[in-house]
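Q: What follows is a structure written as C-alpha cells; I'll ask about it next.
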Amino acid sequence: GTSSAEAALMDPQQRLLLQVAWEALQGASGAAGLTEGALQGAGAYVGVQQMEYNHLMVRHRAAHSPWMATGVALSVVAGRLSYTYGLRGEAVSVDTACSASLVGLHLAGQGVRLRGGSCLNAGVNLTLLGESTRVAQLAGMLSGDARCKTLDAAADGYVRGEACECLVLCQGAQRPGSGALLVGGTAANQDGRASSLTAPSGPAQQAVIAAALGDA
C-alpha cells in the first residue's frame, strides 16, 4: 500500500524492517498460534541508529517532498511498523548505538511482562556511506584483522556489519516443537565513567551480565 513516490524516499532500513517483520509475524501466527486480533495490542521496539540515507538525499539534491521527513526519521521507523501492521501498543525507536536491538529486547520484554500480550523486537543496520566506516577507522574503533573478539583479552575493536532481525515476543505462548526461543531474563546498564566516552568498562559489563542472570 506504499506509493512509488513514498517508497523512493524511504530509508531502505525501513523497507527491510517491513519485509522481515511480515516474515516474523507470519511465523508467529503459525508457531505460536497468534491471531491478528491478538497482535493488535502488540508494541514495536526497534533498534536503529544510522541516518545515512538522509545524507544521500542531501548529497544528490533530491527534490523536496512531504515523504522526505517520514522517510528518514528514526522515530518513524517503529511507527511505520505499527501503522502498516495495525499494532496499537507502544512504538519505540531505540538508539543506544551498537546495543540498540538488545536494549529494545529488554524494553519489549518488560512491556510483555507488565501488560501481557505480545511485542515486536526488531533491529536494522545498513552501511550506505563509506565515510562512516572511515570515521570509525580514524577513531581507532575497528578491529585491525576485521574479526570480532568480543569480551576476549585480544579484542582490538569491532567489525561493522549489516543486518535486519525481528522477533515476536509472546508471554506463555511457547509450544513444544515450535522453535520458539525462551527469553529467561534481561538487564541494561551503562559504563558510567570509563577510560573514555566510547571505551567499554569490564566491571560494568560483568555487572549487567550478573543482573540479567539474576533476572532470569
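The values are calculated or read from the model by the stated rules, or taken from the named source; none is laboratory data. What you are looking at is a predicted structure, and each value in this text was computed from that prediction instead of being measured. As a convention, Cβ positions derive from the backbone with ideal geometry for all residues, glycine included, and neighbour counts pool all protein chains shown. Ligands, DNA and RNA are stripped out before the accessible areas are found, and what is left, the full protein with its side chains, is counted by its heavy atoms. Shrake-Rupley method; radii C 1.70, N 1.55, O 1.52, S 1.80 Å.
Q: Determine the gain in length on full extension of the stretch residue 135-residue 196; use 0.36 nm per residue of separation and subtract their C-alpha separation, reporting nm with one decimal.
A: Residue separation times 0.36 nm, minus the Cα-Cα distance, leaves 20.3 nm.
Q: Next question. Within region 139-160, list the residues whose amide N lies under 14 Å from a label point set 7 Å along Cα→Cβ of residue 97.
A: What the label zone holds, given the 14 Å backbone N cut-off, is 139-143, 157-160.
Q: Would you compute, from DSSP H runs of 4+ residues alone, the mean residue ellipticity of the chain at 222 nm, taking -39500 (n - 2.57) per run and dividing by the full residue count, rounded to the nearest 500?
A: Computed ellipticity for the chain at 222 nm equals -13000 deg cm²/dmol.
Q: Among 53, 132, 114, which residue has its Cα positioned farthest towards the positive end of the charge dipole of the chain, with +1 placed on the Cβ of Lys and Arg, -1 on the Cβ of Asp and Glu, and the dipole taken about the Cα centre?
A: In the chain, that residue is 114.
Q: Enter the mean projected area of the convex hull around the alpha-carbon atoms of region 118-160, in nm², rounded to one decimal.
A: 4.5
Q: While we're looking at this one, here's another question. Enumerate the calculated ³J(HN,Hα) couplings along region 97-112 in order (Karplus 6.51 cos²θ - 1.76 cosθ + 1.60, θ = phi - 60°), each rounded to whole Hz, writing x wherever the residue is Gly or Pro.
A: 6, 5, 9, 4, 5, 5, 5, x, 4, 4, 5, 4, x, 5, x, 5
Q: Given a Förster distance of 41 angstrom, what is the FRET efficiency for residue 213 paired with residue 4, based on the Cβ-Cβ distance and rounded to 0.05?
A: Taking R0 as 41 Å, the efficiency between residue 213 and residue 4 is 0.25.
Q: Step through the residues of region 84-94 one at a time and calculate ³J(HN,Hα) from phi using the Karplus curve (6.51 cos²θ - 1.76 cosθ + 1.60, θ = phi - 60°), rounding each to whole Hz and writing x for Gly and Pro.
A: Per residue, the Karplus-derived 3J(HN,Hα) values read 5, 10, x, 8, 10, x, 4, 10, 10, 8, 10 Hz.
Q: If you take the alpha carbon radius of gyration of region 52-112 and divide it by 2.2 N^0.38 Å, what ratio comes out, to two decimals?
A: Dividing the Cα Rg of region 52-112 by 2.2 N^0.38 Å gives 1.37.
Q: So what J values fall out for region 41-46 if you push phi through Karplus, 6.51 cos²θ - 1.76 cosθ + 1.60 with θ = phi - 60°, rounded to Hz, Gly and Pro as x?
A: x, 5, x, 10, 10, 10
Q: Moving on to the next point. Could you pull out every residue, at least 5 positions away or on a different chain, whose amide H is within less than 5 Å of the one on residue 158? Hs are placed 1.01 Å off N in the peptide plane, and Pro or chain starts have none.
A: Here the answer is 142, 143, since their amide H atoms fall under 5 Å of that of residue 158.
Q: Probe of 1.4 angstrom, ligands and nucleic acids ignored: what's the accessible area per residue over the chain, in square angstrom? Don't jump to the answer; show the numbers that get you there.
A: Numbers: 12620 Å² over 216 residues.
Result: 58 Å² of accessible area for each residue.
Q: Just check region 1-97 against the gyration tensor rule for me: Cα atoms, a ≥ b ≥ c as the square roots of the eigenvalues, rounded for a/c under 1.5, and otherwise prolate or oblate depending on whether a/b exceeds b/c.
A: Prolate, since a/c reaches 1.5 and a/b exceeds b/c.
Q: How big is the Cα convex hull of the chain in projection, averaged over all directions, in nm²? Present the calculation step by step, with values, prior to reporting the outcome.
A: On the way: hull surface 56.3 nm².
Average of the hull's projected areas for the chain equals 14.1 nm².
Q: Remind me, relative contact order of the chain in percent, using alpha carbon pairs under 8 angstrom and six or more residues apart? Working shown, then result.
A: Numbers: 326 pairs, mean separation 50.9, N = 216.
After rounding, I find 24 percent.
Q: Follow-up question, since we're still on this one. With the cut-off at 1.5 for a/c, could you classify region 44-150 from its C-alpha gyration tensor as rounded, prolate or oblate?
A: oblate
Q: For residue 46, which sequence-distant residues (separation of 5 or more, or a different chain) have an amide H within less than 5 Å of its own amide H, given hydrogens modelled in the peptide plane?
A: Those lying under 5 Å, H to H, from residue 46 are 92, 93, 94, 122.
Q: Name the residues whose placed amide hydrogens come within less than 5 Å of the amide hydrogen of residue 40, ignoring near sequence neighbours (fewer than 5 apart) on the same chain.
A: Hits under the 5 Å cutoff: none.
Q: Rounded to the nearest 5, what % of DSSP beta bridges with both residues in region 75-190 are antiparallel?
A: Bridges in region 75-190 are about 80 percent antiparallel.
Q: Between region 139-168 and region 70-129, what's the alpha-carbon centroid distance in Å?
A: Centre-to-centre (Cα) distance: 22 Å.
Q: Still on this structure, I have one more. So for region 81-192, averaging the separation of alpha carbon pairs under 8 Å that are six or more residues apart and normalising by length, what relative contact order in percent results?
A: Here the relative contact order equals 27 percent.
Q: Still on this structure: Just subtract the alpha-carbon distance of residue 163 and residue 182 from 0.36 nm times their residue separation and send over the number in nm, one decimal.
A: Length difference between fully extended and current span is 4.7 nm.
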